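So the structure is just underneath, and the comments pick up after that.
The values are calculated or read from the model by the stated rules, or taken from the named source; none is laboratory data. Model, not experiment: these values are computed from the prediction. Cβ: placed from backbone, ideal geometry, glycine included. Neighbour counts: every protein chain shown.
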Amino acid sequence: MLKLTSPLDEMFSSSKKLILDFSKIKENTPNKENFEKIFNDYKSKNLNPREPVNRQQINDLLINTSGYRYLVGQYGEDRTAMLEDTTAGKAGRVIHMAIDIFSKRLETVYSPCDGVIVRSDYEEGFGEYGNYLIIQPKDCDFYIFFGHLSCNRPVEKLVSSGEAIAKLGDYPDNENGGWSRHLHVQILKALPAKGVTPDGYSTKKDFANNSLIYPNPLDYFPEWKLR
């Protein structure tokens, strides 16, 4: 399999798992790392922890205390509790089909391979992908989807491994779809129709089938060992 390089500086060496499945949070998890406790604290103050400005505040605190540059939301994770009041959650689409890499800064995004940017577009709507790119690695039968980018994304073109291609988008003006700062990384086995974006979440019953369409990105980044 093609060896993909890191799309973010120090991603392989300075990233830590972020547990967003409340049922998987251990009882002895410190309060400052316990997402369920953090969310409940915000709600007790009549603050929505999912609002991008609040979620960024939460992420920044977790990054500062962890000592890592990135926090990584995982593939195949059940985010029922996180999505309870969203369109996806109400439809039962709660299993994450990608990797989310959360950061404090608007990091530069690099091409992880030689290939072609085959799609460069913007998805409108709060809670959508905002600016995104799709790359086809050279001589490969899969695609790499990067979501939640800045508006300064390139047009369709050839790219080289390690080439700077974009920056993370911010939440004001819905540049990144209205999310805290992060990179959505998803592997696609087929190119969607123009104007169509991949499903970021699956229902539980459809996950096995959808995992054939959207396989685990960690299988494509062999050097990335999450702590």
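For this structure, a couple of remarks:
- Taking the range 173-227 as the range and being farther than 16 Å from Arg119 by Cα, aliphatic (A, V, I, L, M) and not in a loop (DSSP other than H, G, I, E, B) as the test, the residues that pass are Leu183, Ala208, Leu212, Ile213, Leu218.
- Checking each residue in the range 57-81 for being more than 14 Å from the chain's Cα centre (by Cα), surrounded by 18 or more Cβ atoms within 10 Å (Cβ to Cβ) and closer than 22 Å to Asn174 by Cα picks out only Ile58.
- Residue count for the range 21-56, restricted to those that are of a type in the set (A, V, I, L, M) and within 21 Å of Glu77 (Cα to Cα): 2
- Hits in the range 139-166 (condition: at pLDDT 95 or above and crowded, with 19+ Cβ neighbours inside 10 Å): Tyr143, Ile144, Phe145, Phe146, Gly147, His148, Leu149, Val159, Ile165, Ala166
- Of the residues making up the range 1-32, just one is in a helix (DSSP H, G or I) and among the aromatic types (Phe, Trp, Tyr), namely Phe22.
- Residues that are within 20 Å of the chain's Cα centre (by Cα), within 30 Å of Asp114 (Cβ to Cβ) and among the polar types (S, T, N, Q) do not occur anywhere in the range 30-40.
- In the range 1-48, the residues that are among the aromatic types (Phe, Trp, Tyr) and within 30 Å of Phe221 (Cα to Cα): Phe12, Phe22, Phe35
- Single condition Ser202 does not satisfy, out of (1) more than 16 Å from the chain's Cα centre (by Cα); (2) of a type in the set (Gly, Ala, Ser); (3) under 16 Å from His96 (Cα atoms): (1)
- Test: residue in the range 82-94 that is surrounded by fewer than 16 Cβ atoms within 10 Å (Cβ to Cβ), of a type outside the set (Asp, Glu) and without any contact (Cβ under 8 Å) to a residue 24 or more places away in the chain: yes
- Residue check for Leu226: assigned by TED's automatic domain parsing to the domain that holds Gly130, surrounded by fewer than 17 Cβ atoms within 10 Å (Cβ to Cβ) and touching a residue at least 40 places away in the same chain (Cβ under 8 Å): no
- Members of the range 95-119 that are among the hydrophobic types (A, V, I, L, M, F, W, C) and free of Cβ contacts under 8 Å to residues at least 60 places away in the same chain: Val116, Ile117
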